[in-house]
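> Sharing a structure, written as structure tokens. Questions coming.
The values are calculated or read from the model by the stated rules, or taken from the named source; none is laboratory data. Keep in mind that this is a model prediction, so the values were computed, not measured. Note that we place each Cβ from the backbone using ideal geometry, even for glycine, and neighbour counts take in every protein chain shown. For the accessible areas, the whole protein counts, side chains as well, though only heavy atoms, and no ligand, DNA or RNA atoms are used. Shrake-Rupley method; radii C 1.70, N 1.55, O 1.52, S 1.80 Å.
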Amino acid sequence: MNIQIEKVTTQTRTPWIDYLRGFVTVLVVAHHTSLAYTTFASFNKAAYISSTHPVVDAMRWIGMDYFEDFNDIFFMSLMFLISGIFVMSSLRKKGTGLFIADRFYRLLIPFFIGVTLLMLMAHYPAYYLAHGNFNLKDYVIDFFTVEAWPVGPPWFIWVLFVFNVVLALLYPFVGPFINRLGERLANCANRPLKVLFIWYLLTWITYVPLMLWAGAGTWTGFGPFDFQVSRVLLYFGYFLIGVLVGSSGIDRSIFGNHSLLMKKWSLWGVAAIFTYVVLKLSEAPLKEMYAQKGSNPLLIALIYRSIWTLSCTLSSIALISLFRKLFSHANRFWQSLSENAYGIYLIHYIFVIWCQFLLLEAGLPVVIKFSISFVVSLGASWSLIYLIRKIKMVARIL
């Protein structure tokens, strides 16, 4: 069977959305770069998979904690939302079978390449830090047995594939309903408070109950098919927001140029920063409440996670509306970033971990180490993917 993989072009896309996707990819690179320098970082020599990051530096700075934490609250949810925007238009064009085949080539094949070859290359320094040698045979055995095949950043790709397949299989039955729901959401474009309430409520419902049941940091899975239990519904919820927005067409949706929600970009930005500050300021008194006799842990968790979900909601809306405001026309730099963003996401972990490893003994301040690792990792990933995508077969997938 001859499967034609759809090549994304600027003519069939909305530039500012692709630029936003590119920016979130940059945040992913920065996020992983920061993890070596947080004050809570830890390394487990017995099984580095249980470490907070494959490389942990002795140099730490609390500023990395705040940077990492702020990103972690919203950036992957936003990535799933962006990924859902063009799903309905693609399903209408291709139908269920061809759509799933396309996603198999564009998501599942890169995923398997990522979790085998690329993650093997990325985690090699972690093996050295744990065992003090670079024995390749022992490393490969350890990677697939003791470490249980670490998935790394490609976890996002297989989860996104599953979301796409689920929606595609349900499309013949729920397509009309999604279209109607998308239209109703589009009609709220000039009612920003209503959209905010619906968005926040969806974020809360899809995250808080499951988080209370599973715990905030619990991961599970089989082999490389790992996912964060507490956030799987949150990510699917944000994916569906993207699907609903895209179903009515971007220009007619709550992300349209006419939308009052988008015109309030500065308000959302201030609100997002303020909410995150409130979240961090709430931690000390909530911990004090937790330590008191007769305290209600459930109530404390509900208060904290309610603010957390509001931070997720507002940060997502703020970034979407900011990019809608900034990029009404094509931009060469951002176009290049967006075209290569998928590839950057796939390979950046290799450069991040190796840069952090090579800088371990360097007597440099954390900010300098972070900056070097970030710039080198982003630049090297971008340059390499740019060259690799000159191969037509690769460009059709990435």
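> Condition first: in a helix (DSSP H, G or I), in contact with a Lys or Arg (Cβ under 8 Å, 6 or more places away or on another chain) and farther than 17 Å from Val56 by Cα. Now tell me which residues in the stretch 349-398 satisfy that. Full working, then the answer.
So in the stretch 349-398, the residues in a helix (DSSP H, G or I) come out as 349-358, 366-388, 392-397.
Filter once more, so that each one left must be in contact with a Lys or Arg (Cβ under 8 Å, 6 or more places away or on another chain): 356, 366, 395-397.
Once the filter is applied, which keeps residues that are in a helix (DSSP H, G or I), in contact with a Lys or Arg (Cβ under 8 Å, 6 or more places away or on another chain) and farther than 17 Å from Val56 by Cα, the stretch 349-398 yields Ala395, Arg396, Ile397.
> Quick one: which of Ile397, Ile372, Ile368, Ile391 is over 24 Å from Ile82 (Cα atoms) and in contact (Cβ under 8 Å) with a residue 12 or more places away in the chain?
Numbers: Ile397 fails: over 24 Å from Ile82 (Cα atoms); Ile368 fails: in contact (Cβ under 8 Å) with a residue 12 or more places away in the chain; Ile391 fails: in contact (Cβ under 8 Å) with a residue 12 or more places away in the chain.
Going through Ile397, Ile372, Ile368, Ile391 in turn, the sole match is Ile372.
> Which one is nearest to Gly343 (Cα to Cα), of the residues in the stretch 106-146 that are open to solvent by 20 Å² or more (accessible area, probe 1.4 Å), assigned to a helix (DSSP H, G or I) and of a type in the set (Phe, Trp, Tyr)?
Phe112
> Only one of these conditions is not met by Lys45: (1) part of a helix (DSSP H, G or I); (2) in contact with a helix residue (DSSP H, G or I) (Cβ under 7 Å, 6 or more places away or on another chain); (3) farther than 23 Å from Ile82 by Cα. Which number is it?
(1)
> Right, something else. Going through the stretch 278-298 one residue at a time, which ones are over 22 Å from the mean Cα position of the chain (by Cα), surrounded by 12 or more Cβ atoms within 10 Å (Cβ to Cβ) and of a type in the set (A, V, I, L, M, F, W, C)?
Of everything in the stretch 278-298, those that are over 22 Å from the mean Cα position of the chain (by Cα), surrounded by 12 or more Cβ atoms within 10 Å (Cβ to Cβ) and of a type in the set (A, V, I, L, M, F, W, C) turn out to be Val278, Leu286, Met289.
> While we're on this one: Can you tell me which residue within the stretch 44-69, out of those that are among the hydrophobic types (A, V, I, L, M, F, W, C) and open to solvent by less than 60 Å² (accessible area, probe 1.4 Å), is modelled with the lowest pLDDT?
Restricting attention to the stretch 44-69, the residues satisfying the condition of being among the hydrophobic types (A, V, I, L, M, F, W, C) are 46-47, 49, 55-56, 58-59, 61-62, 64, 67.
In the following step, the residues that additionally are open to solvent by less than 60 Å² (accessible area, probe 1.4 Å) were identified as 47, 55-56, 64.
Values: Ala47: 93, Val55: 98, Val56: 97, Met64: 97.
Of everything passing the filter in the stretch 44-69, Ala47 is modelled with the lowest pLDDT.
> Given Ile241, Ile250, which one is at pLDDT below 95, of a type in the set (A, V, I, L, M) and open to solvent by less than 50 Å² (accessible area, probe 1.4 Å)? Steps first, please.
Working: Ile241 fails: at pLDDT below 95.
The conditions single out Ile250.
> Pairs, please: C-beta under 8 Å, at least 6 apart or cross-chain, first residue closer than 21 Å to Gly63 by Cα and in the stretch 280-297, second among the aliphatic types (A, V, I, L, M)?
Hits for this filter: Ser282/Ile303; Ser282/Ile307.
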